[in-house]
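Step one of this worksheet: look at the structure below.
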Amino acid sequence: MTVQEHLSRFEAVAKDPAGQLKGHLAQGRKVVLTAPVYTPEEIIYAMGLVPMGAWGGDMELRRSKEYFPAFLCSIVQSIVELGMAGAYEGASAIVIPSLCDSLKVLGQNWKYAVPSIPFIPMTWPQNRTPDYARDFILAGYERLIRDLEAATGAVFEEERLEEAIRVYNDHDRAMRELAKVLAAHPEVSAAQRSAVFKSAWFMDKAEHTAWVTELLAALREAVVGPKKLPVVTTGVLADAPGITALLDEYGFTVAADDVAAESRQYRTDTPEGGAPLERLARKFQAMDCCSVLYDPQKRQVEHIVRLAKDSGAKAVVMLLTKFCDPEEFDAPLIKKACDAAGLPMVQIEVDRQMVNYGQARTMLETLRDTLTA
Amino acid sequence: MSEEIKKHRPPPDPNSAKYKLGQIAAKAYSDAQAAKDRGEPVGWCASNFPVEIPETLGLAVVYPENQAAGIAARGGGARLCEISEADGYSNDICAYARISLAYAKIKDAPEQNVPMPDFVLCCNNICNCMIKWYENLSRELNIPLIMIDIPFNPDYEVSDGELAYVKAQFWDAIHQLEALTGKKWSDERYREVMEYSGRTSRAWLAATACARYEPSPFNGFDLLNHMAVMVTARGKKEAAEAMETLLKEYEDNHEKGVSTFRAEEKYRIMFEGIACWPWLRVTSTGLKSRGINMVTTIYADAFGFIYKDFDDMCRAYCRVPNAINLELSRDKRIKLCRDNHVEGLLVHTNRSCKLWSGFMAEMSRQIGQACDIPVVSFDGDQADPRNFSEAQYDTRVQGLMEIMEARKEAM
Ligand code: SF4
Ligand code: SF4
């Protein structure tokens with residue numbers, strides 16, 4: 001297969017989560033939805049269930065308004081919209097973590113908006129590094145497992161978690177490698193890159209790793225395309241077709257990303273040593289540099305500047321999800337740090353109902369002109 | 001014009017609860033300033049951070065949310081919000097946070113000044129927005145941040161796991177503060193604070209429960225003013241005494257058949273949400289002019305900080321509004337509606353507060369059904385005056401009144 005053929009496979013999956021859901025069910029597997037931003041997918045996977053990401057969709061909001069006021073982010077709104085429209089029917093449960101205020105209320109609304117799919121909370125500690133936080137994470141896992149067993153009839157066995165952790169660590173590594181390799185392949189478009197990352201949410205991770213590995217092999221053989229303008233993307237989501245199309249149109253390539261639905265997922269592996277559940281808890285404790293994780297030193301700010309420098313990016317493109325508190329609080333600090341580092345930054349407000357990309361177009365056009373002047 | 005009215009007002013009675021409570025609230029600020037002037041470290045503290053900790057340690061703190069409410073009520077909300085917005089903060093962010101971050105930058109607001117902090121105390125039991133806000137304060141002012149994470153509880157009861165996690169953090173915070181300020185924790189002093197807090201809380205619960213009388217001996221808007229003391233000073237002796245005075249006044253009012261609601265009480269409603277501080281007069285008059293008394297709010301329940309020991313105190317902080325699930329939130333409100341013979345629910349859909357407004361639609365539907373009362377909502381904001389429309393408020397309140405009226409006639 002050529003690189004382009006590989007990429008089309010990913011694109012087909014990314015465009016059709018409903019088809020993926022059907023496919024898993026047809027194979028006799030049970031599906032558990034996972035809401036943003038972090039859920040212990042390894043536990044779900046270890047129980048023989050397929051975790052599928054539910055980050056909403058680009059669509060008009062109608063019925064979600066019965067639950068949410070207009071000023072909550074379009075991610076939680078469209079998750080409920082899709083749920084009410086029956087798009088997730090067949091899934092056995094949804095796991096929603098408590099990482100931001102909008103996610104907290106998503107869980108509460110879900111119970112009444114989509115009663116056919118049980119809500120399972122995952123309450124993470126924000127003060128996550130002390131030892132006592134680990135006990136709290138473990139208590140959260142216990143509760144999660146109990147609820148998953150009740151919702152799906154599947155059974156949790158800790159030995160099988162060992163294997164799931166291996167699958168996920170392998171996937172993390174493959175995705176990190178992919179991000180690095182893609183930075184050197186500007187002929188892979190922003191839209192295609194986004195599809196590879198997005199498809200990971202809908203596939204069995206072992207299978208996704210296999211596909212990514214094959215893509216990496218194909219890339220190694222491929223002719224590198226002409227240079228483009230390397231940028232770092234940051235935000236919650238970067239999958240809006242209108243945005244990736246503009247990045248491509250103006251000649252940008254994603255040198256690295258700090259996107260919650262993309263590379264933030266793959267930065268931290270589960271460490272070795274100890275009982276599997278405890279290892280998994282230590283993974284969460286080790287996570288960092290993300291707007292929904294308590295960050296008293298604001299390491300996230302420096303992280304973005306460093307990421308840009310290390311990846312050779314010439315600018316930072318912040319895709320700020322409208323009404324996303326966590327990101328909106330970080331934005332001014334990131335801007336300041338980029339300014340101080342002499343790194344151009346554009347801030348583009350995005351949501352899942354975007355039809356007008358005029359402002360984004362102007363900003364990216366101006367950025368291109370600045371970088372090529 | 002208001003100057004003229006003020007001139008003709010009789011001087012406040014220094015023995016009245018209103019006067020005492022006002023003094024306590026004002027003294028909280030002047031005490032903190034005095035501490036600062038003496039060279040002692042001063043903190044900025046989240047409203048639902050366990051006040052027992054700074055109180056027991058003898059640390060002066062001020063409350064940015066209170067300050068922001070004060071600034072907003074005195075007309076400075078838009079000015080400070082715009083300063084933050086010019087710095088890149090989205091106007092979608094909670095207006096209290098925008099005001100506070102602006103103040104941290106300009107360090108002066110004649111509406112309500114506070115001493116600049118040497119540390120900040122954050123507790124996210126009311127929202128995670130708080131975490132982000134305090135992280136930024138800590139970074140911009142380059143001062144330590146002490147954080148107690150009290151997760152949103154998806155369950156009805158507080159689990160042992162949550163309690164253990166929260167308790168460990170309380171001690172962690174105490175030890176961090178001891179190291180930072182040189183002050184020492186004293187169990188004896190803590191017991192004293194716990195006792196006063198219990199006394200204040202009991203009086204508050206009993207005073208707010210006087211709304212069960214018909215007519216109610218008080219205007220519910222009073223509670224919004226007295227709340228500041230419950231938030232910031234409930235562990236102080238003076239607060240306990242002032243609240244007990246308030247209770248006595250309400251009981252006396254009832255005996256005498258008078259009320260601080262200075263109109264005929266035709267309808268009794270529950271108000272849901274934070275007050276619209278910049279539009280306090282408008283929102284209050286819109287009700288009073290129609291004979292609608294807001295007899296209760298969740299604040300009546302929220303400040304019942306009565307606990308028997310340290311564990312129990314930790315549990316109480318896990319059960320503040322905004323930390324509890326829809327069902328427990330709903331049931332607390334249903335109880336208030338029933339106990340106080342509420343005939344309608346007026347919901348403030350507060351643009352600033354995603355958590356509070358986020359499941360309000362479903363919760364108020366359930367309350368309306370359970371109590372068989374009409375529910376009407378309006379759009380507003382607790383501190384950004386730009387997010388409120390007087391005309392919409394008026395129409396909605398009129399609508400609520402008409403339903404209540406029709407129901408009375410049908411009875
Ligand atoms: S986009 Fe932001 S506000 Fe919305 S769920 Fe994600 S982190 Fe929360
Ligand atoms: S108004 Fe809401 S978002 Fe703002 S500080 Fe209070 S609880 Fe948090």
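The values are calculated or read from the model by the stated rules, or taken from the named source; none is laboratory data. All values derive from a computational prediction rather than experimental measurement. As a convention, Cβ positions derive from the backbone with ideal geometry for all residues, glycine included, and neighbour counts pool all protein chains shown. Heavy atoms of the whole protein, side chains included, go into the accessibility calculation; ligands, DNA and RNA do not. Shrake-Rupley method; radii C 1.70, N 1.55, O 1.52, S 1.80 Å.
For A:Asp170, the stated conditions do not hold, so it cannot be described as open to solvent by 10 Å² or more (accessible area, probe 1.4 Å) and in contact with a Lys or Arg (Cβ under 6 Å, 6 or more places away or on another chain). Only a single criterion out of (1) touching an Asp or Glu at 6+ places or on another chain (Cβ under 9 Å); (2) assigned to a helix (DSSP H, G or I) is not satisfied by B:Pro217, namely (2). Taking the stretch B:123-145 as the range and being touching a strand residue (DSSP E or B) at 6+ places or on another chain (Cβ under 6 Å) and facing chain A (nearest Cβ under 9 Å) as the test, the residues that pass are B:Tyr134, B:Ser138, B:Pro144, B:Leu145. Scanning the stretch A:120-140 for residues that are out of contact with any strand residue (DSSP E or B) (no Cβ under 9 Å at 6 or more places or on another chain), surrounded by fewer than 24 Cβ atoms within 10 Å (Cβ to Cβ) and within 9 Å of chain B (Cβ to nearest Cβ) turns up A:Arg128, A:Pro130, A:Asp131, A:Tyr132, A:Ala133, A:Asp135, A:Leu138, A:Ala139. Restricted to the stretch B:48-144, the set of helices (runs of 4 or more DSSP H) holding at least 1 residues that are among the acidic types (Asp, Glu), free of Cβ contacts under 8 Å to residues at least 40 places away in the same chain and more than 14 Å from ligand 2 (Cβ to nearest atom) comprises B:77-86, B:129-141. Residue-level check: of (1) assigned to a loop (DSSP other than H, G, I, E, B); (2) away from chain B (no Cβ under 13 Å); (3) closer than 27 Å to A:Thr370 by Cβ; (4) within 16 Å of ligand 1 (Cβ to nearest atom), A:Ala261 misses just (3). Please work out which one of (1) surrounded by fewer than 17 Cβ atoms within 10 Å (Cβ to Cβ); (2) in the same structural domain as A:Ala286 (by TED's automatic domain parsing); (3) hydrophobic (A, V, I, L, M, F, W, C); (4) closer than 29 Å to A:Phe68 by Cβ is the condition A:Ala200 fails and give its number. Against the list (1) surrounded by fewer than 17 Cβ atoms within 10 Å (Cβ to Cβ); (2) in the same structural domain as A:Ala286 (by TED's automatic domain parsing); (3) hydrophobic (A, V, I, L, M, F, W, C); (4) closer than 29 Å to A:Phe68 by Cβ, A:Ala200 comes up short only on (1). Scanning the stretch B:153-188 for residues that are small (Gly, Ala, Ser), more than 27 Å from A:Ser98 (Cα to Cα) and in a helix (DSSP H, G or I) gives a single hit, B:Ala179. The residue that is farthest from ligand 2 (Cβ to nearest atom), among those in the stretch A:18-44 that are in a helix (DSSP H, G or I), open to solvent by 40 Å² or more (accessible area, probe 1.4 Å) and farther than 28 Å from A:Thr321 by Cα, is A:Ala26. Scan (1) within 14 Å of chain B (Cβ to nearest Cβ); (2) surrounded by fewer than 20 Cβ atoms within 10 Å (Cβ to Cβ) for the single condition A:Asp295 breaks and write down its number. Answer for A:Asp295: the failing condition is (2). Residues in the stretch B:350-362 that are facing chain A (nearest Cβ under 8 Å) and either part of a helix (DSSP H, G or I) or under 16 Å from the mean Cα position of the chain (by Cα) (or both): B:Lys354, B:Leu355, B:Ser357, B:Gly358, B:Met360, B:Ala361, B:Glu362. Among the residues making up the stretch A:276-292, a single one is over 21 Å from A:Glu159 (Cβ atoms), more than 14 Å from every other protein chain (Cβ to nearest Cβ) and touching a residue at least 24 places away in the same chain (Cβ under 8 Å): A:Met287.
Filtering B:Ile334, B:Ile367, B:Ile306 for residues that are open to solvent by 10 Å² or more (accessible area, probe 1.4 Å), touching a Cys at 6+ places or on another chain (Cβ under 8 Å) and more than 9 Å from every other protein chain (Cβ to nearest Cβ) leaves a single hit, B:Ile334. Filtering the stretch A:298-317 to residues that are free of Cβ contacts under 8 Å to residues at least 24 places away in the same chain and within 14 Å of chain B (Cβ to nearest Cβ) leaves only A:Arg299.
Among residues that are more than 12 Å from chain B (Cβ to nearest Cβ), surrounded by 17 or more Cβ atoms within 10 Å (Cβ to Cβ) and either in contact with a Gly (Cβ under 7 Å, 6 or more places away or on another chain) or not in a helix (DSSP H, G or I) (or both), A:Ile117 is included. Among the residues in the stretch A:208-228, are any in contact with a Gly (Cβ under 8 Å, 6 or more places away or on another chain) and surrounded by fewer than 17 Cβ atoms within 10 Å (Cβ to Cβ)? Looking for residues that are in contact with a Gly (Cβ under 8 Å, 6 or more places away or on another chain) and surrounded by fewer than 17 Cβ atoms within 10 Å (Cβ to Cβ), one finds none in the stretch A:208-228, hence no. Answer yes or no: is there a residue in the stretch A:86-96 that is free of Cβ contacts under 8 Å to residues at least 40 places away in the same chain and out of contact with any Leu (no Cβ under 9 Å at 6 or more places or on another chain). Yes, the conditions are met somewhere in the stretch A:86-96.
Restricted to the stretch B:152-189, and to residues there that are within 14 Å of chain A (Cβ to nearest Cβ), touching a residue at least 60 places away in the same chain (Cβ under 8 Å) and not aliphatic (A, V, I, L, M), the residue that is farthest from A:Tyr141 (Cα to Cα) is B:Phe170.
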